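Take a look at the structure below.
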Amino acid sequence: MRTAIDKARAAGEYQWAFELLDRLIAADQDRERAIMLKAEVLRAHADAQINCPTRHDDIQRATELTASKA
């Protein structure tokens, strides 16, 4: 599944990467790493956004994910 996540990120298919990461998190498979990777994907998605509220929401969610791990 990691390969599929990496391919989705590289292709800019962030929604698919989110779906795969959510499955890993729900299955409790390397949960900490999956959460940190989801935060990275959220930041990459935010960088690609032209819509300010969407960008802000992605950045906020990424910050919350990383803060909960600190």
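Each value in this text was obtained by applying a stated rule to the coordinates, not by laboratory testing. This structure is a prediction, so every number in the text was calculated from the model and none was measured. Every residue, glycine as well, gets a Cβ built from its backbone with ideal geometry; the counts of neighbours run over all protein chains shown.
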From the options 30, 47, 22, residue that is within 10 Å of the chain's Cα centre (by Cα) and surrounded by fewer than 16 Cβ atoms within 10 Å (Cβ to Cβ)
22
Which pairs do you get when a residue that is touching a residue at least 12 places away in the same chain (Cβ under 8 Å), found in region 22-49, comes within reach of a residue that is outside any helix (DSSP H, G or I) and of a type in the set (A, V, I, L, M, F, W, C), reach meaning Cβ atoms under 8 angstrom, with the pair 6+ apart or on two chains?
23/1; 24/1
Residues of region 4-47 that turn out to be of a type in the set (D, E, K, R) and in a loop (DSSP other than H, G, I, E, B), as a count:
3
